[in-house]
Structures are given as C-alpha cells and as structure tokens.
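Chemist: Structure below; questions to follow.
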Amino acid sequence: MDDQTQMDTAQSDFPTSGLTAEPHDNSADDDLSLMEQYLRDPAHDYRNLKYGDSVDGTIVRVDREEILVDIGSKSEGVVPNREMTSLQTDERAALHVGEVILVTVVQTEDAEGRIVLSIDKAKQERSWRNLQISHDTGEVIHAPVVNYNKGGLLVSLDGVRGFVPSSQVSSVSRGPEVQKQSDMAKLVGQTLPLKVIEINRPNNRLILSERQAVQGVRDARKDQLLERLEPGIVRQGRVTSLCDFGAFVDIGGADGLVHLSELSWSRVKHPEEILKVNDLVNVYVLSVDEDKKRIALSIKRTQSEPWTTVAERYQIGQDVTGTVTQLTAFGAFARLEDGIEGLVHISEMSDDRIQHPRDVLAEGDTINARIIRIDPSRKRIGLSLRTSTDDDKNEEEPPTTGEQPE
C-alpha cells in the first residue's frame with residue numbers, strides 16, 4: 001500500500017458526523033505571504049555592516065554639517081564634517097546628490113540610530129589598497145615630503161603616512177649628521193618619486209625608497225638610450241663621479257665611463273686634476289655594449305689632436321717653457337701645452353755629466369728649454385737645457401723607450 005492510500009484510509013477512519021469545520025483566517029495568510037515577498041525582494045536585502053567596513057554609497061543629501069549616504073542598510077548613513085576633513089574646498093563643493101562615493105563605517109549607530117561614516121578613513125583605505133598594488137607591481141609613485149626626523153623623511157599618500165629612511169634618499173649626504181639633517185630639511189615640500197619596499201597594513205607600516213625609484217627610472221631610460229646611441233656621436237653630459245681610473249658622465253639617463261687615458265691629450269694622473277663633479281662636458285661615444293649596459297666615452301676626442309698642428313707652433317731652436325711631468329733613467333718629460341710633451345734627454349740636461357735626472361730636476365719643476373728636434377709623426381719633441389749651442393757630434397739619439405707617451 002502506497003503512502004497516499006494509507007493517508008486516504010486513515011482519513012476515512014475518522015468520523016465525520018457531528019463535526020463542523022471552523023472558518024479559516026485568510027487575511028493572516030495574506031500578510032505572511034506579503035512579508036515573505038518583502039524579505040525576498042533584493043531591494044530590501046539590507047547589509048549587516050560593522051565597524052571598519054568600507055562600502056560604496058550613493059549621496060542622497062548634502063547639508064552644511066553633514067552628508068547623508070545610502071549604503072544599502074536599514075537606515076541611511078551620515079558623514080559628519082569631522083569625517084571629511086581631507087577633502088579640499090573644491091572637492092567638498094563638487095559633492096552632489098546621486099554621486100557614488102567610498103565610505104567607511106566608524107560607528108554602527110549614533111543617538112539617532114544612524115550609521116556614522118567617514119570619507120577620510122575611506123580615502124585612507126583606498127590608498128592602502130593602491131599602495132599594496134604598487135608594492136606588488138613595483139611601480140613608481142610620487143608623494144610630497146611633509147616632514148623629517150633623525151632617521152629620514154615623512155611623506156603623505158592620500159591619508160597614509162609613509163617613511164623614507166635617509167639611506168634610501170639619493171640626495172641626502174652620508175657624512176656628518178648635521179649635513180644629513182640639512183639635506184633632509186631642503187626636501188620638505190618637494191614631491192619625490194618613490195617605490196614601496198615594505199607594507200604592513202595591520203601595523204600601519206609603510207617604508208619607501210626614493211633611491212630605488214630613481215634607479216628604476218634610470219634603468220628604463222638607460223635601456224632606451226642604449227638603443228639610440230651609436231659610436232662616433234658627440235653628446236653633452238654632466239660629471240657624476242670621479243675615481244682613480246676615470247670619470248663617470250651622465251649623458252641623459254645613463255652614465256658612461258671616460259677612462260683616464262681618454263680624459264685629455266695631456267698626461268693625467270687623476271681625473272680631479274681637470275674635472276670636478278657636476279661639470280658639463282662634451283663627450284665622444286667610443287663604444288656601446290647593450291648586453292653589459294656599458295658606455296665608453298672620451299673627452300679628448302671632442303678636441304683636435306694637438307700633434308696634428310704642432311709644426312704651426314714650434315720650430316727647432318725655439319725657446320719654450322715647460323713643466324716636468326715625469327722622470328726616467330734616460331731623461332725627463334716636460335709638458336709644453338695640453339697634449340704636447342717634450343723629452344729632455346739626460347745628455348741634454350747639463351754641460352756636465354750627471355748620473356740621473358733627479359740630480360738636477362724634480363717633477364713639477366718649471367724649466368726653460370730649447371727645441372732641438374721635432375718629429376710629429378712619432379709625436380716627439382727633443383729639448384735641451386744645455387747652455388752650449390754646439391752640437392755634440394757623438395750625441396746619442398734618445399732610446400726607443402723614451403718615445404713621447406700618448
């Protein structure tokens with residue numbers, strides 16, 4: 001016997017005589033049905049918001065002291081003036097009915113039963129979200145410096161305070177503390193490019209680096225520059241640093257190296273003899289290595305090679321003034337002008353025989369000499385300090401090792 005047959009049989013067992021059915025209250029069923037429909041209606045699917053929730057809401061009224069916002073709750077939310085202080089005057093004036101704005105719950109119910117909302121905290125929340133994206137993608141952002149302390153700079157990013165350690169600021173000195181503080185004070189009010197290097201939302205910790213941001217920008221510019229650079233072109237650049245083996249020059253987004261031998265046609269022992277940081281110079285591109293991202297530059301090749309015109313300025317028998325630049329066992333080199341050096345052979349230093357050039361000369365001495373030979377093809381000028389004008393018939397030709405150094 002199936003369930004329906006059992007139910008019909010059971011119902012037939014009840015006596016029906018003498019029983020009267022009570023009238024059914026249809027209005028109660030109708031009210032219950034309407035309530036169910038009302039609750040199922042998405043339009044009345046109220047949000048159960050709590051403190052700290054950030055939601056999009058629609059402005060329904062703008063008053064002088066507050067803004068009413070529909071956030072899909074049983075009651076409208078209110079943004080009091082104290083919770084929108086981050087808005088500029090023009091931003092506040094631009095708020096209008098129907099505009100959708102992001103707000104954050106700061107109180108679930110005030111004395112009037114309304115939810116208290118904050119635009120300031122919502123802006124801060126949006127800023128944290130954007131900062132997290134910036135951190136994840138490594139993009140460069142910009143922020144104004146609002147203050148500084150002993151350790152670094154304080155910056156503002158739409159309601160979020162960030163910290164830039166002094167070691168992460170390229171323009172801050174690493175020298176004495178007084179100088180560091182002075183450098184940071186000069187940056188207050190300036191907008192810096194920055195990279196997020198550490199972010200911790202629960203602890204409100206945000207650490208940024210200007211140095212990494214600048215380096216990232218420079219790397220991108222360097223890649224672009226390397227694609228355009230070709231050996232043989234001349235560009236203007238700025239000296240960024242000096243070292244024992246040469247000078248680094250920024251030529252518009254990338255540093256190239258001017259080796260010591262390419263600084264000048266004259267002998268240079270250290271770049272600081274002729275250059276200083278921030279000098280503007282013209283440089284000749286010697287080579288470009290895109291794989292290693294290296295650029296070789298020359299300063300001297302932007303100038304004419306002085307030996308090509310030496311015959312126009314010097315003749316045999318001419319008296320000249322020079323500065324001793326180097327002593328060797330066979331003589332002394334003396335600079336006559338930038339890029340032109342002459343050799344005073346040991347046999348031409350005195351009418352008397354001497355054992356070593358240092359017996360009569362020292363580096364840095366200024367000498368008055370007479371030109372006794374000129375060989376532009378071998379870049380040689382022979383000089384003499386002897387008072388006698390008679391040529392020594394047995395005078396030795398300067399050894400090969402005494403060839404004019406380039």
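The values are calculated or read from the model by the stated rules, or taken from the named source; none is laboratory data. All values reported here derive from a predicted model rather than from experimental measurement. Neighbour counts run over all protein chains shown; Cβ positions are idealised from the backbone, glycine included.
Chemist: Does region 224-251 hold any residues that are assigned to a helix (DSSP H, G or I) and either touching a residue at least 12 places away in the same chain (Cβ under 8 Å) or crowded, with 19+ Cβ neighbours inside 10 Å (or both), and which are they?
Modeler: The answer is Q224, L225, L226, E227.
Chemist: Return the pair list, or none, for Cβ contacts closer than 8 Å from residues in region 369-383 that are not assigned by TED's automatic domain parsing to the domain that holds G322 to residues that are crowded, with 17+ Cβ neighbours inside 10 Å and aliphatic (A, V, I, L, M), at least 6 apart or on different chains.
Modeler: none
Chemist: If you don't mind, another one. Considering region 140-157 alone, what residues qualify as being without any contact (Cβ under 8 Å) to a residue 40 or more places away in the chain and of a type outside the set (A, V, I, L, M, F, W, C)?
Modeler: N149, K150, G151, G152, S156
Chemist: Using the structure shown, decide if G232 is closer than 30 Å to G342 by Cα and not aliphatic (A, V, I, L, M).
Modeler: no
Residues checked against (1) buried (at least 17 other Cβ atoms within 10 Å of the Cβ); (2) closer than 27 Å to I119 by Cβ; (3) of a type outside the set (V, I, T):
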{"residue": "S166", "(1), (2), (3)": "yes, no, yes"}
{"residue": "S173", "(1), (2), (3)": "no, no, yes"}
{"residue": "Q181", "(1), (2), (3)": "no, no, yes"}
{"residue": "T191", "(1), (2), (3)": "no, yes, no"}
{"residue": "L194", "(1), (2), (3)": "yes, yes, yes"}
{"residue": "I197", "(1), (2), (3)": "yes, no, no"}
{"residue": "P202", "(1), (2), (3)": "no, yes, yes"}
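Chemist: Go through (1) surrounded by 14 or more Cβ atoms within 10 Å (Cβ to Cβ); (2) without any contact (Cβ under 8 Å) to a residue 40 or more places away in the chain for D255 and report which single condition fails.
Modeler: Unmet for D255, out of (1) surrounded by 14 or more Cβ atoms within 10 Å (Cβ to Cβ); (2) without any contact (Cβ under 8 Å) to a residue 40 or more places away in the chain: (2).
Chemist: Residue pairs, Cβ under 7 Å, 6 or more apart or interchain, first in region 52-73 and in contact (Cβ under 8 Å) with a residue 12 or more places away in the chain, second small (G, A, S) and not in a strand (DSSP E or B). List them.
Modeler: Listed pairs, sorted by first residue: S54/A122; T58/G98; I59/G98.
Chemist: Next question. Taking S266 as the residue in question, decide whether it is among the hydroxyl-bearing types (S, T, Y), modelled with pLDDT of 90 or more and not in a strand (DSSP E or B).
Modeler: No.
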